[in-house]
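Reviewing the structure listed below.
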Amino acid sequence: MKRKMDKRTFEELVVRYGSDPDRFPAAVRVAARHYCETAEGRKTLGKETRLDADLTALRDLTPARAKDDFLERLLALPDTYQQETAAAAISGPAPLWSRVSSMFDRLFNVDEWLTPYGIAGQAAMVVLVLTVGVLTGLQSPPADHQEIDLSANLVATSGFMLEEGDE
């Protein structure tokens, strides 16, 4: 074929036939080989060559070999691999005391107090305490004047008290 090959046609051929130009149809093989010598052609072939190598490796992977590879990776795990997560998933949810103690451990972790989440948590607790206090105060019945007035007990410690009408 006498015409020059463009990028799109070359990429279609590479996708269809792989990275080896010898597998291309004879009509475009010469033009494809010339395009392979360009920078774009080398870049496209490089990507496709890696993909071909991966696919070839997968094709050579038999079930027995896959099983052996899995066992080799399993045996390569260190003996100190933490398996608490799996044990917790099997045993079910943690007991209440364990969850409460972990909450207090996080609560008293001073390193987390000045983080943005720590400050937001402290602000939320202040708002919660103030809201509960105001709502509790609004729901309590009004007290008598005598119950609230503490000034008579604080001022009258020396026995001197002003009577009404004495000024």
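The values are calculated or read from the model by the stated rules, or taken from the named source; none is laboratory data. The model shown is predicted, which means the values in this text are computed figures rather than measured ones. Positions of Cβ are backbone-derived with ideal geometry, glycine not excepted, and every protein chain shown enters the neighbour counts.
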- Task: Within the range 21-50, work out how many residues are surrounded by 12 or more Cβ atoms within 10 Å (Cβ to Cβ) and touching a residue at least 12 places away in the same chain (Cβ under 8 Å).
- Result: 15
- Inspect all residues belonging to the range 77-99 and state whether any of them is surrounded by 10 or more Cβ atoms within 10 Å (Cβ to Cβ), at pLDDT 70 or above, not polar (S, T, N, Q) and not in a loop (DSSP other than H, G, I, E, B). yes
